[in-house]
1. Can you tell me which residue is surrounded by the most Cβ atoms within 10 Å (Cβ to Cβ) among those in the stretch 145-164 that are of a type outside the set (Gly, Ala, Ser) and touching a Lys or Arg at 6+ places or on another chain (Cβ under 7 Å)?
2. Quick one: in the stretch 388-409, which of the residues that are outside any loop (DSSP other than H, G, I, E, B) and of a type in the set (A, V, I, L, M, F, W, C) is least open to solvent (accessible area, probe 1.4 Å)?
3. Please go through the stretch 247-279 and give me each residue that is outside any strand (DSSP E or B) and touching a residue at least 60 places away in the same chain (Cβ under 8 Å), ordered by number.
4. Looking at ARG416 and the list (1) modelled with pLDDT under 80; (2) open to solvent by 80 Å² or more (accessible area, probe 1.4 Å), which single condition is not satisfied?
5. Looking at ALA74, ALA57, ALA70, ALA45, which one is open to solvent by less than 30 Å² (accessible area, probe 1.4 Å), modelled with pLDDT under 85 and small (Gly, Ala, Ser)?
6. Considering only the stretch 268-277, I want to know if a residue exists there that is open to solvent by 20 Å² or more (accessible area, probe 1.4 Å) and more than 30 Å from VAL146 (Cβ to Cβ).
7. Filter the stretch 221-264 for residues that are surrounded by 15 or more Cβ atoms within 10 Å (Cβ to Cβ) and touching a His at 6+ places or on another chain (Cβ under 7 Å) and give the result.
Amino acid sequence: MLKHYKRRSLKAKLAFWSAAAMVVVVMAVTSFTLWVLRSDMTRNAAEVQATLSDSIARELDARVADRRQALQQAASVIDTRVIGSADVLRDHFASRPVVQGLFDALIVIDRNGQITFDSPEFAGRAGRSVADRPYFKEVMSTGRLVVSEPMAGRGTAEPNVIFAAPIRTPAGETVGMLGGILYLNRPNFLTELANVKVGKTGYVSVIVNGETPTILMHGHRDRIMTPVPPPERSPLVHRALAGEEGTFEGQNSLGLEALYSFRLLKNVPWLVTTAYPIAEAREQLRGSERQVIALGLGLMVLAGIGIWVLVERLLAPIDHLRAAMVQSRERSEPVVVDLRDETREVYEVVQAYNTLMAHTHEAREAVQRSEQRLRTIADNLPVLISYVDADERMQFATETCGAWADVDPAAAIGRRVSDLVSP
């Protein structure tokens, strides 16, 4: 048993496959545009973040350098003979408010490690010994300015970092130390960094590159004075501490995917880190992605409509030709198709069809004339001429048959012989 399949029109096929090709092209272009958009976003975000990191690092370096220089100058003019006299030192620093304004507190320590002066005064701090503190030992042994690692104050228990400058005799002997304290939980240029936001949720942190790298300042305050996670958990940070500066995409120890920028300071062994979450960057990108996708869908719809209209117009001559063929089949005379189409192939098909129809009409008329001549001759012969098929049905009969059998020859066609004459 033969199966009958519904045949689709040429117009539908052309429109479908053209639209399908256009959809593929538009999807490819849209995907490429989205890829370029994401790449540009990542590159632009990295450039902006690198610029921000450079700016923060330069500003922080400059402020550290100012404090180092001011503290060294202040230490160089202290009379070594009054290191143990708090009243004299108080008068000395009262005339030098600039250096006090650069730090949260100042302390003077004698060669034995005992605090002889503090400003502002804190109960119990004067007279306390810091001889065991690493920064004091280093200053006394090297005679150079030292910036301590983050530590908790013994008197205040507050996290702080100390700038320590040696107090020398005219002969160059280190006989004491002037310290400038910056607290990590009070308003100053360090704690300002904790309030800096990279984007909406990104942060800035400062890490001290010591024997045990420690977080000096962080956007999340609970991480201040905590050690940096090991290399397997924070590979980017440890690479940066080893000297590999730049901007990289990766994860921190808490699994935050972000763009991380690292800059090492020149005046202190500190590493400035900025983090910009990838999720936030992508969220800003989603609006542009939606616009690109909407534009792609709009182009597909417009392309589909345009292709349908174009196919309709291009195949209009074929539709006219088909209609003409149907009319020619139903009528005795051919229908000539008159198309002024500039498409060469369509024009040639129409011309070939018109020529074929003209020849067919001529052949049909010739056959009809021949049949008419034969019938005229047969009708005028005084003999019975007829044609009976295998079913004994009359298929042809002359006028003589009609006259003899008293039957209209035209009415006899298709009837059995037994119905026309007696047995």
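The values are calculated or read from the model by the stated rules, or taken from the named source; none is laboratory data. Note that the coordinates shown come from a computational prediction; the quantities given were computed from them, not determined experimentally. Ideal geometry is used to build each Cβ from the backbone, glycine not excepted, and the neighbour counts take in all protein chains shown. Side chains included, ligands, DNA and RNA excluded: accessible areas come from the protein's heavy atoms. Shrake-Rupley method; radii C 1.70, N 1.55, O 1.52, S 1.80 Å.
1. To start, the set of residues in the stretch 145-164 that are of a type outside the set (Gly, Ala, Ser) comprises 145-147, 149-151, 154, 156, 158-163.
Still in the list and also touching a Lys or Arg at 6+ places or on another chain (Cβ under 7 Å): 145, 154, 163.
Values: LEU145: 20, ARG154: 13, PHE163: 24.
Filtering the stretch 145-164 for residues that are of a type outside the set (Gly, Ala, Ser) and touching a Lys or Arg at 6+ places or on another chain (Cβ under 7 Å), the one surrounded by the most Cβ atoms within 10 Å (Cβ to Cβ) comes out as PHE163.
2. Let us first name the residues in the stretch 388-409 that are outside any loop (DSSP other than H, G, I, E, B), namely 388, 393-397, 399-405, 409.
Within this subset, residues satisfying the condition of being of a type in the set (A, V, I, L, M, F, W, C) are 388, 394, 396-397, 401, 403-405.
Working: VAL388: 58, MET394: 22, PHE396: 59, ALA397: 6, CYS401: 24, ALA403: 77, TRP404: 170, ALA405: 39 Å².
Across the stretch 388-409, the extreme among qualifying residues is ALA397.
3. LEU265, LYS266, ASN267, VAL268, PRO269
4. Just one mismatch for ARG416, condition (1).
5. On the way: ALA74 fails: modelled with pLDDT under 85; ALA57 fails: modelled with pLDDT under 85; ALA70 fails: modelled with pLDDT under 85.
Residue meeting the stated conditions: ALA45.
6. At the first step, the residues of the stretch 268-277 found to be open to solvent by 20 Å² or more (accessible area, probe 1.4 Å) are 269, 276.
So of that shortlist, the ones also more than 30 Å from VAL146 (Cβ to Cβ) come out as 276.
Among the residues of the stretch 268-277, at least one is open to solvent by 20 Å² or more (accessible area, probe 1.4 Å) and more than 30 Å from VAL146 (Cβ to Cβ), which makes the answer yes.
7. Hit for the stretch 221-264 is ILE224, nothing else.
Listed here are the residues, each with its yes/no results for (1) small (Gly, Ala, Ser); (2) open to solvent by 100 Å² or more (accessible area, probe 1.4 Å); (3) at pLDDT below 65; (4) closer than 30 Å to GLU399 by Cα.
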| site | (1), (2), (3), (4) |
| --- | --- |
| ALA324 | yes, no, no, no |
| TYR353 | no, no, no, no |
| MET357 | no, no, no, no |
| GLU362 | no, yes, no, yes |
| GLU365 | no, no, no, yes |
